[in-house]
1. Of D185, D129, which residue is at pLDDT below 70, open to solvent by 20 Å² or more (accessible area, probe 1.4 Å) and among the charged types (D, E, K, R)?
2. Would you confirm whether or not region 35-54 contains a residue that is open to solvent by 10 Å² or more (accessible area, probe 1.4 Å), among the hydrophobic types (A, V, I, L, M, F, W, C) and in contact (Cβ under 8 Å) with a residue 60 or more places away in the chain?
3. Specify which of the listed residues (E154, E161) is farther than 17 Å from L71 by Cβ and assigned to a loop (DSSP other than H, G, I, E, B).
4. Considering only residues that are surrounded by fewer than 21 Cβ atoms within 10 Å (Cβ to Cβ) and not basic (K, R), which ones fall in region 142-157?
5. Just need a number here: residues in region 30-49 that are under 8 Å from V13 (Cβ atoms), part of a loop (DSSP other than H, G, I, E, B) and among the polar types (S, T, N, Q).
6. Just one of A106, A100, A88 is at pLDDT below 95, open to solvent by less than 20 Å² (accessible area, probe 1.4 Å) and of a type outside the set (F, W, Y); which is it?
7. Output the number of residues of region 109-121 satisfying the condition of being more than 14 Å from M144 (Cα to Cα) and either without any contact (Cβ under 8 Å) to a residue 40 or more places away in the chain or not in a loop (DSSP other than H, G, I, E, B) (or both).
Amino acid sequence: MALARTQRFVKKVVFMGMGEPAHNLDNVPQAIHVLGTVGQIGHKNLVFSTVGDPRVFERLPPGEVKPGLALSLHTTKPELRRQLLPRAPQISPEELVELAEAYARATGFPVLYQWTLLEGVNDGEDELDVIVRLLKGRYALLNMIPYNTIPELESKRPSWERAAANARNGRRRRANSDAAPSTGDLEATVGPQHCSLNTAIACTS
């Protein structure tokens, strides 16, 4: 972090991608504390990304620095989630949302629910119906990320049209949905490989 700041201004740190941060609760909360105090990074710009380890909801709230929370949900179906995340704690999506909502209200930051869209797996109307119901009235954001297809694997990326349809259908379900590439509007020339669906569903203060 100190080295990074010699190269550029650092205003946000996300704890993810190096393994489940909840597996290192002896050190990650300490790092968050240092960055949020000595490092003077805004607490909401420190993000703890997790698959939903219950220890997260015990260890983070008492801290002086309470980071934002990103939760890898990916489906509303318990059995499918066990298949997609076989090493994740076996907590139902409904219970995870309840735990995350309590944390969001305690910190004042919305929870970012991560949803990797897989063609024919979790991109159907049935999933959208349930996620809209689960997040209705919650302090939450849903980030739909089309999967990047790997030729050697069976999982496929849905078409951009299909992914965007999820956001449009969310609007029809009275969700506040926004499908946008990183720059420009949905139909902008930015290629789908550079895009994600940032879908805000039923955010409340």
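The values are calculated or read from the model by the stated rules, or taken from the named source; none is laboratory data. No experiment lies behind these values; they were computed from the predicted model shown. We place every Cβ from the backbone using ideal geometry, glycine too, and count neighbours over all the protein chains shown. Keep in mind that these areas ignore ligands, DNA and RNA; they rest on the heavy atoms of the full protein, side chains included. Shrake-Rupley method; radii C 1.70, N 1.55, O 1.52, S 1.80 Å.
1. Details: D129 fails: at pLDDT below 70.
Only one candidate qualifies: D185.
2. Yes: region 35-54 contains one or more residues that are open to solvent by 10 Å² or more (accessible area, probe 1.4 Å), among the hydrophobic types (A, V, I, L, M, F, W, C) and in contact (Cβ under 8 Å) with a residue 60 or more places away in the chain.
3. Working: E161 fails: assigned to a loop (DSSP other than H, G, I, E, B).
Only one candidate passes the filter, namely E154.
4. Here is the first cut: in region 142-157, the residues surrounded by fewer than 21 Cβ atoms within 10 Å (Cβ to Cβ) are 143, 145, 147-157.
Once the filter is applied, which keeps residues that are surrounded by fewer than 21 Cβ atoms within 10 Å (Cβ to Cβ) and not basic (K, R), region 142-157 yields N143, I145, Y147, N148, T149, I150, P151, E152, L153, E154, S155.
5. 0
6. Values: A106 fails: open to solvent by less than 20 Å² (accessible area, probe 1.4 Å); A100 fails: at pLDDT below 95.
None of the other options fit; the residue is A88.
7. Just the residues of region 109-121 that are more than 14 Å from M144 (Cα to Cα), to begin with: 109-110, 120.
Retained after the next criterion (residues that are either without any contact (Cβ under 8 Å) to a residue 40 or more places away in the chain or not in a loop (DSSP other than H, G, I, E, B) (or both)): 120.
Total meeting the criteria: 1.
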